[in-house]
Amino acid sequence: MACHLLLLAGLVGSSAAAAINLTAAAEGGSIFRRDSIQPLPECRTYADNKWQPILDFDTDSCYNVAAISPNGVTNPGLNCRVGESYASNCRDRSHIDRTNVYSRARCNSGWCAHMYAYYFEKDQTDLCLGHIHDWEHIVVWTRNDRAEYVSVSQHGNYEIRPRSGVQWSSDGNRAKVVYHKHNVRTHAFRFGTQGDDTTIENHVGQWIKGGPLISYYGYASHDLRNRLLSKDFGSASIDFRNVAFQGALDKAKPPAASAFKSYQDGPEDIHNSPGIPEGGCGIRS
């Protein structure tokens, strides 16, 4: 039972049945701990949807999943067990159907930064090292309705590339990014290559968006968003939290966007920063 701790924190508002399911999974049962975590319905802005990256996941990597359910249950995550693979219990076909991607935009000085956040239940490496919970992020930098730069998170920092160094969907809007195990280190994002098009490793067999998109105003209530953002994910950081957003954008900002103010939503961009979801869903602040 080394490296194995039963973690039920975050079960706010969950039923007794859900708790039983989580316990059964933690003790080696056939029920995964994330079975109680249903994804939120998509509620996103036009711009966040337009620039949402498309992903692949190497076979030694988990799929991103929902971090919070519609009734406020946060994902308890997965601890590793000695002898398990890097992707044990977090990479079957059903996981792809229970995912969300979370976004937040900030626009000013002619630039928009669209941050996309992905939750993973664990980040496991050799000898059961790593940690329960992982958050990784992608920032797409746009100017004049064109994606100019992309930044991907890697171990607390960001790799930044210009448009010419990124592979794109056929419409030129969606960057191709791969979640992988980074050498002997933990998992991170990397930029897709031309060769990745013919060696897709996820269960669908094509580039995928990673789940229904939830923009910053796309939650059913302020309480639901606050539950997610106040959850303690240990060493894994949510970069679109108020306390982290500016610092993360500073790390991810390309030199060409030096005029961009990481701390400010421009008043001239009220509908894009952070943006009003389409279809009347979500909240307004």
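We did not get these values from a lab; they are worked out from the coordinates using the rules stated. Note that the coordinates shown come from a computational prediction; the quantities given were computed from them, not determined experimentally. We place every Cβ from the backbone using ideal geometry, glycine too, and count neighbours over all the protein chains shown.
Okay, here's what the table says:
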| item | result |
| --- | --- |
| Pair Arg284, Asn71: separation of 7 Å Cα→Cβ label points (nm) | 3.0 |
| Cα gyration tensor shape of the stretch 139-196, rounded if a/c is under 1.5, else prolate or oblate by comparing a/b with b/c | oblate |
| Exposure proxy order (Cβ contacts within 10 Å, fewest to most) of His180, His114, His155 | His155, His180, His114 |
| Simple spin-label estimate for Asp197 and Ala244 in nanometres, 7 Å along Cα-Cβ | 3.4 |
| Residue-by-residue Karplus 3J(HN,Hα) for the stretch 191-206, coefficients 6.51, -1.76, 1.60, Hz, glycine and proline x | 6, x, 10, 4, x, 5, 4, 9, 10, 4, 10, 7, 5, 7, x, 8 |
